[in-house]
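Taking it in order: structure first as structure tokens, then the write-up.
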Amino acid sequence: MNLWKIVGGVFGGAVILAIGLLIGHFGISKTSTPSWAKDLSKDVDENFIREFMKEVDNKNIRENLRKLSQYPHLATTKGDEDLVKMILNQWKDSKIGLDEAKEERYDVYLSFPRADNPNNVEVVLPNGNKPFTSVLSEEHLTPDQADPTVVKPYAAYSPSGNAKGKLVYANQGKLSDFEALSKIVNLTGTIAIVRYGGAGRSTKAINAARFGVIGLIVYTDPKDINDGAADDSQTYPHSWYMPPSGVERGSYVEDFGDLLTPYYPAKNFTYRRDENDIPGRPPIPTQPIGFGDAQKLICQLTGPVADSTWQGSLSCTYNVGPGFRTGAYNGGDVQVNVYNYAEIRSSANVMGIIRGSVEPDRYIMYGNHRDSWVHGAIDPSSGTAVMLEITKVLGAKVKQGKWRPRRTIIFGSWGAEEFGLIGSTEFAEDYYSKLRDRTAAYINVDISVFANATLRAQGTPPIQNVIFTAAKQVETPVSPSLSVYDNWIRHFNRTSSLYNKTIPQLGALGAGSDYAPFLHYLGITCMDIAYTYDRSKSSARIYPAYHTAFDTFHYTDVHIDPGFTSHQTVARTAGNVLIRLADSLILPLGPLDYAETFDDYYKTAETQFSTQLSAKGIQLVPLKNAVVRYRKFSEALNKTISELKNAEETPLRVRMINDQLMLLERAFINHFAFPDKLYYSHVIQASRSSSVVTFPGIADAYANAISTGLKKDWDLVHHHITVAATAVDNAASTLETAASI
């Protein structure tokens, strides 16, 4: 090649490069930020939140509930499958639908009563006569109860059988109740009648069997559900109170998820354990009845008078038995007749998705179960009615191109929850890795309205402030000048050492709804939001029509939330929280709020346990050090976030901080901490049998060691101190990373 051509080419290239550099130097502002960085750095739009809340319509929610509760929809029945289609149709609608909607099906183990041979309770006299048989269906007080698909009252997963023996009254069926009763009555071969409350459904039957009881009857006492009201004139349809024929159905299992496939999704190829190997089910025939029938049995009992704390509101003095005093039932036995059967059925979750625009691989989940025992207007359709209104408003914005969240939102209509949180648990198992690695928070709105007095929120500490923020922006139904926050603080409050003031009380999460697998198994930050009643005016254990055939649209429309303004308030509050979690530049989660919990837990442990622990050579110092370290780095992270002034230039820094906030709750997961508790892996939020409110593993191990005095049990206390200290220290390390980014 000609040398001059080479030189000319090099020179020409240099000139072009120089021109480009000059244009770049003088033509681009030094202070400008690329458009892509601005798009990545947009924060939540407060105007959009206000617009969303304005568009939430109480009349739409009312119509949703009317449709959802029109027919009974027990899991996997036609009524349930019809709702699957209804929800899918809305979420696929071209104008108000979501980006994607689909079914996720699982083959799950369910328990049903035989329609042609109803379960019942009878009094059988020595001559074979039967002067008493429990009612087979609730009284037809409104047309709803006459629906032929109303399932007869039963205890799901109770074994079949015909147990007969003398009747005894055992209060709430707690272990302590049977221990006390066994000291004055020989319980072998008896039938026990117990009240709901105090212990789990299945636990009552398991406790009874330990003392030789061969059959169990469960009822709802008016003292516990009706504030003592028991007469027909005082109960539904004249008020919200349960009528005498109301029977609370329920699932009698101790574990949640499909009972045959623990830790694995219940698909057609999944290994299933033998039915006989399922733990936590009633070992004896068990049947629920109404308090009208319970009165006929309890008020005829002979034997010693029950303790004053065991007395209820059935217009008689409760004796403990065994057997009946002189009268129509004299000499009679009680027979519990159960004809349940179990089978594997296909149950659907309905999943809806709005894809995120900036972080599509980060998820905010919102869920509510769909199935009910009967019509389920309150449980769960009040929650589904709210969810459908939220998705309608947000779906329309997406379809119109007016909005798309920063993060992906996943909506879940869970199947077979009433049988033990089955749909949500199977989903958590099916997508374990993806959900564990990508989900920032889960919002649960199951029963959205128990009553219309105030907000009730439960959750892990980091979600406290985002709920507070939303609650301050939502008006109460009673007054535009009264915020949900200010009303909430009047009903449930506590003094916060962290904030040095009185704040609303955030309740703790147990395992009562579909947040359980996401919290306890996956370690996802969770919350549950509802409106509830004034505890100063009612001591009801739960809303009175719970799990009965009276939980209907009429019951809701007339007695629970006339006008559906409380439903609307919950939709606005939960939707506000959802948008903030999905759209905020920095995830609105507050790790520092856990520091207050840890401080309180540690002080309690030190006060209650330190003397005995020191005597055994066991120290709480490692736990104290971890708690101090956690506070240090949670405060440092707060400072880092507050000083993040120009987020436009640091989108990757924002992402890294958000990931540590998302993963904080995972630091408390230890799948080996509680080997005897299926799914319970969250060291801080695990179930606790001890009455001492502190780290649950330590509290329960300490109570057991005090009881037995055995070295191996004191060693277990030491073990759980190590578990708790390590978890808190790991969480501190997570925050240290975020604070230093």
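Annotations
- Residue within the stretch 361-376 that is open to solvent by 10 Å² or more (accessible area, probe 1.4 Å) and either without any contact (Cβ under 8 Å) to a residue 24 or more places away in the chain or of a type in the set (Val, Ile, Thr) (or both) present: no
- Any chance Tyr241 is part of a loop (DSSP other than H, G, I, E, B), more than 25 Å from Asp371 (Cβ to Cβ) and modelled with pLDDT of 95 or more: yes
- Only strands (runs of 3 or more DSSP E) whose full extent lies in the stretch 450-569 are considered here, and the ones with at least 1 residues that are among the polar types (S, T, N, Q) and open to solvent by less than 10 Å² (accessible area, probe 1.4 Å) are 454-459, 493-496, 526-532.
- Residue among Gly303, Gly292 that alone is at positive phi and open to solvent by 10 Å² or more (accessible area, probe 1.4 Å): Gly303
- Some residue of the stretch 616-627 being within 23 Å of Pro405 (Cα to Cα) and open to solvent by less than 40 Å² (accessible area, probe 1.4 Å): no
- Enumeration of residues in the stretch 158-170 that are part of a loop (DSSP other than H, G, I, E, B) and open to solvent by less than 10 Å² (accessible area, probe 1.4 Å): Ser158, Ala170
- Residue tally, condition outside any loop (DSSP other than H, G, I, E, B) and open to solvent by less than 40 Å² (accessible area, probe 1.4 Å), over the stretch 204-234: 13
- Only listed residue being within 29 Å of the chain's Cα centre (by Cα) and either surrounded by fewer than 24 Cβ atoms within 10 Å (Cβ to Cβ) or not aliphatic (A, V, I, L, M) (or both), chosen from Thr573, Thr640, Thr607: Thr573
Residues are listed down the side, and each one gets a yes or a no for (1) free of Cβ contacts under 8 Å to residues at least 12 places away in the same chain; (2) assigned to a helix (DSSP H, G or I); (3) of a type in the set (Val, Ile, Thr); (4) within 17 Å of Ala605 (Cα to Cα):
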{"residue": "Asn704", "(1), (2), (3), (4)": "no, yes, no, yes"}
{"residue": "His719", "(1), (2), (3), (4)": "no, yes, no, yes"}
{"residue": "Ala724", "(1), (2), (3), (4)": "no, yes, no, yes"}
{"residue": "Ala731", "(1), (2), (3), (4)": "no, yes, no, no"}
{"residue": "Ile741", "(1), (2), (3), (4)": "no, no, yes, no"}
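- Across the stretch 235-250, the number of residues qualifying as under 22 Å from Ile193 (Cβ atoms) and open to solvent by less than 10 Å² (accessible area, probe 1.4 Å) comes to 8.
- Residue in the stretch 654-675 that is more than 28 Å from the chain's Cα centre (by Cα), open to solvent by 30 Å² or more (accessible area, probe 1.4 Å) and over 24 Å from Gly510 (Cβ atoms) present: yes
- Taking (1) surrounded by fewer than 22 Cβ atoms within 10 Å (Cβ to Cβ); (2) touching a residue at least 12 places away in the same chain (Cβ under 8 Å) in turn, Ser308 satisfies each apart from (2).
- Boolean, Ser433 is over 17 Å from the mean Cα position of the chain (by Cα), farther than 30 Å from Pro262 by Cβ, open to solvent by 10 Å² or more (accessible area, probe 1.4 Å) and of a type in the set (S, T, N, Q): no
- Among residues of the stretch 171-191, those that are surrounded by fewer than 19 Cβ atoms within 10 Å (Cβ to Cβ), hydrophobic (A, V, I, L, M, F, W, C) and part of a helix (DSSP H, G or I), counted: 2
The values are calculated or read from the model by the stated rules, or taken from the named source; none is laboratory data. Everything numeric in this text was worked out from a predicted model, so none of it was measured. Heads up, the Cβs are rebuilt from the backbone with ideal geometry, glycines too, and the neighbour counts pull from every protein chain shown. Quick note on the areas: whole protein, heavy atoms, side chains included, nothing else; ligands and nucleic acids left out. Shrake-Rupley method; radii C 1.70, N 1.55, O 1.52, S 1.80 Å.
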